[in-house]
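Just below is one structure, and these are the notes that go with it.
The values are calculated or read from the model by the stated rules, or taken from the named source; none is laboratory data. Remember, predicted model here, so these are calculated numbers, not experimental data. When we count neighbours, we look across all protein chains shown, and the Cβ atoms used for this are built from the backbone with ideal geometry, even at glycine.
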Amino acid sequence: MDISRLMTHAEPIEEEKLKEVPRMTKKDRTENGSYFDNTSVPKYHKDKKAPPQFVPSILASNINYQPHKLDQASWKPNSSGEFSCSSAWELIRDKRSKTRINSQTWHKHIPFKCSFLLWRALRGKLPTNKKLISFGKAPAQCYCCHRAGLDTIDHIFVSGNFARKVWSVFSDSLGISKEYTPLRNLMMRWWSSNYSIEVHKLILQATPIFICWNLWKNRGAIKYEGKQSNITRVIYSVFKDNFNLLSTTYSYISWPNSWKELVLLVEKCTNEVNVSTVYWRKPSAHMVKLNTNASALHNPGKIGGRGLLRNNQGDLLFAFSTPFGEGTNNQSEILAAIFGLTWCLQLGYTKVILEVDSELVIRWIKHLAQQPWTVKAQLQQLQDISHHFQVFKCSHTYREANFTADALSKHSHKCTTPHIYLTKQELPKEARAYFELDKLEMANFRRRRLKRIKKPP
Ligand SMILES: [Zn+2]
């Protein structure tokens, strides 16, 4: 490669850069020997006073000063705090916002050729006669209908007699309006229809794509293979494409061999539900158990935490409900644990089991998952506190086994001061009910809707 060509580009850039950042001279050095960019940072260090307008924000910022550790830089665009080229690229690239019509055109189980055809049709990039007119060809009639119209994208896919009949067969069975609207709006009408279950959504997404594909195939068969326009063939092909799609996506269900039965089955399918029993267990002798939980209205937003400490008889030692200001859900989970553990230490309990219903937080505490930089400081604080206990264990529990902590105050993010409960009678009514059930180690049911679908009996 000719390097001199690159150099000519490099030189002006260097000059531009030099203009932006003035070269630092000995004059700009401060007393302690560090450099200051004299254009952007005012020299407040001389009288050792911070600019008054910044004082509140400096005081409010939480600096996790650890004298025994070296400072560490975190790359903010990555949750791990580590630099990566992909995150840097995401930061600088110009990106168009996602549109629904673009994302719905594609699906991993819909053949690429079908989606690509629709993508081209929506942009008018198909070799119909209308396109050829611009190259000097005479207007030509369509290939699909008995009473012919013009060979245009709108006629082939939407407004033509043949296309309208095909659309109406499928619109009728899925309860979608048949009124004329341009192709783009027609697709959005299908894609924004109400659906009951994922498989129903898939059918609504795929059917209009398959209809367009088969209408185009029909045109090609007449134009290039000398076949007759045939509505039964097109309708059957659309059904078959849907059948193949469902058979690949949900291979454990045997799908019926007719469109009507297929639609009926899709509408009757439900998600499988997994039901299991979960318990709150009393801790072993000499141990106490702290259950904590976070409360947040929005994520991120105003956050709060609550929790309760119980002994091996299931009796209440103390409970709390407190606001934490602004933050994320995960931050409030960790802060609730810190708040509870600090109280444990103050009251002299040194053998404690911490139970949290966020599995991710437990994985962070146990170093089983990489800690994001956003919560590293709080996790470090939690770890420092845990070293003060004789015995410290932490484990994950299901939300259904943590209802008592959950019911303490649903709105702990709304109150302004911490609330401490020392006797069972002080607890809110709902929390007291769950507390009594926990004391009996009563089972709770955990129901989870699975992605897997179930064929109706
Ligand atoms: Zn036609």
Going through (1) of a type outside the set (Asp, Glu); (2) within 16 Å of the ligand (Cβ to nearest atom); (3) not in a helix (DSSP H, G or I) one by one, Val275 fails only at (2)
Can you tell which of Asp384, Asp357 is surrounded by 16 or more Cβ atoms within 10 Å (Cβ to Cβ), over 24 Å from Pro77 (Cβ atoms) and of a type in the set (D, E, K, R)?
Asp357
Determine if the range 116-127 includes at least one residue that is outside any helix (DSSP H, G or I) and either in contact (Cβ under 8 Å) with a residue 24 or more places away in the chain or within 15 Å of the ligand (Cβ to nearest atom) (or both).
yes
Which of (1) within 28 Å of Arg147 (Cα to Cα); (2) surrounded by fewer than 16 Cβ atoms within 10 Å (Cβ to Cβ); (3) modelled with pLDDT under 95 does Tyr252 not meet, given it meets every other one?
(1)
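So that you can scan it fast, the table gives a plain yes or no per residue for (1) at pLDDT below 95; (2) over 19 Å from Tyr398 (Cβ atoms); (3) of a type in the set (Asp, Glu):
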residue: Phe318; (1), (2), (3): yes, yes, no
residue: Thr322; (1), (2), (3): yes, yes, no
residue: Glu326; (1), (2), (3): yes, yes, yes
residue: Glu333; (1), (2), (3): yes, no, yes
residue: Trp343; (1), (2), (3): yes, yes, no
residue: Leu347; (1), (2), (3): yes, yes, no
residue: Asp357; (1), (2), (3): yes, no, yes
residue: Leu368; (1), (2), (3): yes, no, no
Looking only at the range 57-87, which residues are of a type in the set (Ser, Thr, Tyr) and either closer than 24 Å to Ala369 by Cα or part of a loop (DSSP other than H, G, I, E, B) (or both)?
Ser61, Tyr65, Ser74, Ser79, Ser80, Ser84, Ser86, Ser87
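Residue by residue through the range 344-361, note down the ones that are over 21 Å from the mean Cα position of the chain (by Cα) and free of Cβ contacts under 8 Å to residues at least 40 places away in the same chain. Explain how you work it out, then say what you get.
Step one: filter the range 344-361 for residues over 21 Å from the mean Cα position of the chain (by Cα), giving 344-356.
Within the range 344-361, Gln346, Leu347, Gly348 meet the criteria.
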Might you check whether a residue that is over 29 Å from the mean Cα position of the chain (by Cα), surrounded by fewer than 17 Cβ atoms within 10 Å (Cβ to Cβ) and assigned to a helix (DSSP H, G or I) occurs anywhere in the range 413-425?
yes
Which ones in the range 88-115 are among the acidic types (Asp, Glu) and either part of a helix (DSSP H, G or I) or closer than 12 Å to Ile209 by Cα (or both)?
Glu90
Tell me yes or no: at least one residue of the range 103-115 is within 16 Å of the ligand (Cβ to nearest atom) and surrounded by 10 or more Cβ atoms within 10 Å (Cβ to Cβ).
no
Can you name every one of the helices (runs of 4 or more DSSP H) wholly within the range 144-234 that holds 2 or more residues which are within 16 Å of the ligand (Cβ to nearest atom)?
161-174, 198-225
Condition check for Ser134: farther than 22 Å from Ile222 by Cβ, exposed (fewer than 13 other Cβ atoms within 10 Å of the Cβ) and modelled with pLDDT under 85
yes
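So which residues in the range 57-115 are within 30 Å of Tyr250 (Cα to Cα) and of a type in the set (Gly, Ala, Ser)?
Our first condition is that a residue be within 30 Å of Tyr250 (Cα to Cα); within the range 57-115, this holds for 98-115.
Correct list: Ser103, Ser115.
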In this structure, is Ile231 modelled with pLDDT under 95, under 20 Å from Trp167 (Cα atoms), surrounded by fewer than 22 Cβ atoms within 10 Å (Cβ to Cβ) and out of contact with any Asp or Glu (no Cβ under 9 Å at 6 or more places or on another chain)?
yes
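Residue check: is Leu308 among the aliphatic types (A, V, I, L, M), modelled with pLDDT of 90 or more and in a helix (DSSP H, G or I)?
Details: among the aliphatic types (A, V, I, L, M): yes; modelled with pLDDT of 90 or more: yes; in a helix (DSSP H, G or I): no.
Answer is no for this residue.
Being closer than 22 Å to Ser103 by Cβ and among the small types (Gly, Ala, Ser), is that true of even one residue in the range 194-207? Talk me through it step by step, then tell me what you get.
Initial filter on the range 194-207 (closer than 22 Å to Ser103 by Cβ): 194-207.
Checking the rest, the ones that are also among the small types (Gly, Ala, Ser) come to 196, 206.
Yes, the conditions are met somewhere in the range 194-207.
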Residue in the range 327-346 that is surrounded by the fewest Cβ atoms within 10 Å (Cβ to Cβ), counting only those that are of a type in the set (Gly, Ala, Ser) and part of a helix (DSSP H, G or I)
Gly340
Search the range 388-409 for residues that are surrounded by 19 or more Cβ atoms within 10 Å (Cβ to Cβ) and pair each with any residue that is hydrophobic (A, V, I, L, M, F, W, C) and part of a helix (DSSP H, G or I) when their beta-carbon atoms are under 6 Å apart and the residues are at least 6 apart or on different chains.
Thr404/Ala431; Thr404/Phe435; Ala407/Ala431; Leu408/Ala431
Subset tally (residues that are within 35 Å of the chain's Cα centre (by Cα) and within 22 Å of Asn274 (Cα to Cα)) for the range 426-456
15
